[in-house]
Amino acid sequence: MATGQLFSKTTQALFYNYKQLPIQRMLDFDFLCGRVTPSVAGIINPGGDGFQKLFFGQEEIAIPVHSAIDAACAAHPTADVFINFASFRSAAASSLAALKQPTIRVVAIIAEGVPEADTKQLIAYARANNKVVIGPATVGGIQAGAFKIGDTAGTIDNIIQCRLYRPGSVGFVSKSGGMSNELYNTIARVTDGIYEGIAIGGDVFPGSTLSDHILRFNNIPQIKMMVVLGELGGRDEYSLVEALKQGKVNKPVVAWVSGTCARLFKSEVQFGHAGAKSGGELESAQAKNQALRDAGAVVPTSYEAFETSIKETFDKLVEEGKITPVKEVKPPQVPEDLNSAIKSGKVRAPTHIISTISDDRGEEPCYAGVPMSSIVEQGYGVGDVISLLWFKRSLPRYCTQFIEICIMLCADHGPCVSGAHNTIVTARAGKDLVSSLVSGLLTIGPRFGGAVDDAARYFKDAYDRNLTPYEFVEGMKKKGIRVPGIGHRIKRGDNRDKRVELLQKFARTHFPSTKYMEYAVEVETYTLSKANNLVMNVDGAIGTLFLDLLAGTGLFTKPEIDEIVEIGYLNGLFVLARSIGLIGHTFDQKRLKQPLYRHPWEDVLYTK
C-alpha cells in the first residue's frame with residue numbers, strides 16, 4: 001500500500017445509501033475549511049434517481065442521486081472516494097462493485113459485522129489493484145482542512161475545538177472511531193494538530209492496517225510525527241513493530257495499545273470491537289506495548305501518560321527545528337440549521353400549519369386528545385371517530401349512531417346517478433382507483449348530493465325566523481330558488497323514500513328534540529299539495545336532523561352550529577358516505593373486466 005496522501009482539498013466522494021446527517025456534516029466541514037466545491041459529488045440510492053437538497057454554507061444545493069454505482073461513477077469521474085453506508089448484509093457486494101470501477105481509489109466501509117470471508121475478498125482485490133479499503137466497522141478518516149468521511153470527528157463544535165479545519169503536523173491512526181475523537185482533542189491540546197487521521201475499524205480483518213497508514217504517513221512531508229492507538233487482540237501492531245525494526249519509518253512514533261486492564265479479569269474478555277479479544281499473551285496489550293517500545297516507538301507507561309508523551313515528542317521536534325508550528329487561523333461561522341437553533345432556544349420561527357384535531361408526536365396518535373389505544377379499547381366506531389375529528393368532542397352514542405346510519409344509507413344509490421356513472425366510465429377507461437373515485441366525487445354539488453348543506457341552511461333560517469311553510473316556500477319561489485331537500489325524480493307522496501323514513505324513525509326514538517325535522521315535514525305537506533313528487537328527500541332529512549342533533553345535545557353554541565352548517569360539514573358526510581359506493585363501483589368494473597365505455601348514438605339527439 002504505502003504511497004502517500006489519500007485526500008486533498010479537491011477530493012470528492014460518492015456516498016452510498018443516503019444518510020442526511022453524515023452528508024451534511026461533510027458539507028459543513030467543507031465550508032469550514034474554505035473548500036470551493038462540495039466534497040460529496042453524488043449519492044447512490046439503489047432504485048432511486050433525482051436530487052437531494054442539502055446546505056453548503058448558506059447556499060442550498062442539489063446533489064444528484066443515482067440508482068447504480070456504475071452510473072454514478074460515469075457521471076462523476078473525478079470522484080475517487082466511495083463512502084459506503086450500506087448495512088452489513090450488502091456492504092461487501094456494493095464495496096466490491098465500487099472497487100471494480102476504474103475511477104474509485106478509496107473505499108470506506110462503515111458497517112459492522114461484514115462477514116470475514118467477504119472482507120478478505122475485498123482486501124485481496126484492493127491490494128491486487130492498488131486500491132485502499134478503510135474499514136469495515138470504521139467511522140472513516142479526515143484530512144484536516146481538506147476532506148472528511150461521514151461522521152468522522154463528530155460535530156462542528158468538536159471539529160473546531162480539535163482545530164481540524166486546518167492541517168497540523170501529526171499523522172494519527174487508530175482502530176477505534178470513538179477513541180479517534182478523543183485523541184484528536186488530545187493531540188490538538190499539546191501539538192499544532194492533526195494533518196491526517198484514520199480509524200481503520202475494529203473488525204478482526206481490517207481493510208488496511210495500522211502499519212499501512214504509518215508507512216504512508218512516513219511518505220507525507222507535512223507529517224512530522226505519528227501517533228498510534230492500538231488495542232488488545234489480533235497481531236496488527238506487530239507489522240508496525242517489524243516496520244520500525246527494519247527502519248522503514250524515520251519519523252517519531254508515539255504509540256499506546258489499550259486493553260491493559262484485561263489481565264484483571266479471571267477469564268478472557270471480549271471488548272467492544274470484534275477484534276478486541278486477546279488470543280494469548282502475544283495479543284495482550286502489555287506484550288504489544290513492550291514490542292513497540294523495544295522497536296523504537298515512544299510508549300508511555302499508561303494511557304494517562306499518553307498525552308504527555310505526545311507533547312514531549314512534539315516539543316522536542318520544535319526545539320530541533322523540524323516542526324514550525326502551524327499558524328492559527330480563524331474558521332468561518334458555519335450556519336446553524338433551523339431545527340437545532342430552535343431546539344437550543346437561539347431562534348424562534350412561526351409554524352406554517354395549525355392542527356387542532358389530531359397529534360402524532362407522542363407514543364401513539366391522538367384524535368382530539370383521545371389516544372388511539374383508548375379508541376380501540378373502548379370500542380369506538382366510525383361515528384365516534386368522526387365526532388372527534390370533525391367536531392373535536394365525543395358526542396353521545398345516539399349521535400354517533402345517527403352519523404353511522406347516514407353513512408350506510410348514503411353509501412350508494414345505484415349505477416345510474418351521476419357520481420357512480422362517472423366513476424364507472426373512468427374505471428372502464430383503465431384508470432386507477434383514486435382517479436375513478438375523484439371523477440365521481442367531482443359531480444357532487446348543488447344538483448347531486450350537495451343539497452344537504454343548503455337544506456340545513458334554508459330550513460334553519462326559515463324556522464329560526466318563524467316562517468310558516470307557506471311563507472317559506474312561496475318566498476323561495478319568488479327568489480327563483482328551489483327548496484333544497486324537497487323533490488325527487490322517482491319517489492312520490494304515496495311512495496316515500498325508505499331512507500327518509502328510517503332516519504325520521506330513529507330521530508323520533510332517540511333525539512331529545514326534532515323541531516327542525518318536524519318543521520320540514522310541515523313544509524313537505526305544503527309542497528305535496530302542489531305536486532306529488534315534491535317529497536322530502538334524503539338531503540332534506542339529513543340536513544334538518546343534523547340541525548336537531550347539534551341543537552339537542554347542548555354541546556354546541558349557536559355560533560358553532562352556524563359555522564358547522566356554513567363551512568360544509570353536512571356535505572362532507574355525503575362525500576364520505578358516497579366514497580364507499582364509488583370505490584365499490586370501481587372494483588366492480590375492474591373485477592368484471594369491463595371494456596371502454598362509449599355512449600350509444602341512439603341515446604343522443606343530434607341537431608343543428
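Look at the dipole of the chain built from charges on Cβ: of F574, P600, G145, the Cα furthest out on the positive end belongs to P600.
Taking all C-alpha pairs of region 64-135, those more than 19 Å from each other amount to 27 percent. Taking 0.890 mPa s as the viscosity and 25 °C as the temperature, the Stokes-Einstein diffusion coefficient of region 338-416 based on its alpha-carbon Kirkwood radius rounds to 160 µm²/s. Using the Stokes-Einstein relation with a Kirkwood hydrodynamic radius computed over Cα pairs, the translational diffusion coefficient of region 410-512 at 20 °C and a viscosity of 1.002 mPa s comes to 131 µm²/s.
Using a probe of 1.4 Å, the accessible surface attributed to I481 totals some 60 Å² when neighbouring protein chains are kept in position. Taking max minus min of the alpha-carbon positions on each principal axis, region 381-446 gives extents of 44, 23, 20 Å, largest first. Report, in degrees rounded to the nearest 10, the 0 to 90 angle that the Cα long axis of helix 498-510 makes with the longest principal axis of the chain. Helix 498-510 sits at roughly 80 degrees to that axis. Global dimensions of region 187-239 from alpha-carbon coordinates: Rg and Dmax equal 12.1, 33 Å.
Extents of region 287-441, taken as max minus min of Cα coordinates on every principal axis and listed largest first, are 98, 44, 42 Å. Shape analysis of the chain yields a ratio of the Cα radius of gyration to the Kirkwood radius, Rg/Rh, of 1.24. Per atom type, region 439-509 shows carbon and sulfur on 50% of its accessible surface, probed at 1.4 Å. Over region 514-608, the reciprocal of the mean inverse Cα-Cα separation, the Kirkwood hydrodynamic radius, stands at 17.3 Å. Computed with a 1.4 Å probe over protein heavy atoms only, the accessible surface of the chain comes to 49 Å² per residue. Taking 12 Å as the straight-line reach from the Cα of K530, the aspartates and glutamates in range (excluding those fewer than 8 positions away in the same chain) are E474. Contact order, relative form, for the chain: 9 percent (alpha carbon pairs under 8 Å, 6 or more residues apart, mean separation divided by residue count). Candidate cross-link partners of K175 among the aspartates and glutamates, defined by an alpha-carbon separation under 12 Å and a same-chain spacing of 8 or more, comprise D203, E231, D236, E237.
Here region 111-235 yields Rg over Rh of 0.97, to two decimals, using C-alpha coordinates and the Kirkwood radius.
Rounded to the nearest 20, the Cβ-based charge dipole of the chain about its Cα centre (Lys and Arg +1, Asp and Glu -1) stands at 1180 debye.
Computed from backbone phi, the HN-Hα couplings of region 436-443 come to 5, 5, 5, 4, x, 5, 5, 7 Hz, rounded to whole numbers (Karplus: 6.51 cos²θ - 1.76 cosθ + 1.60, θ = phi - 60°; Gly and Pro given as x).
The values are calculated or read from the model by the stated rules, or taken from the named source; none is laboratory data. Since we're looking at a predicted model, the values are computed, not measured. Here the Cβ is made from the backbone with ideal geometry for all residues, glycine too, and neighbour counts use every protein chain on show. Quick note on the areas: whole protein, heavy atoms, side chains included, nothing else; ligands and nucleic acids left out. Shrake-Rupley method; radii C 1.70, N 1.55, O 1.52, S 1.80 Å.
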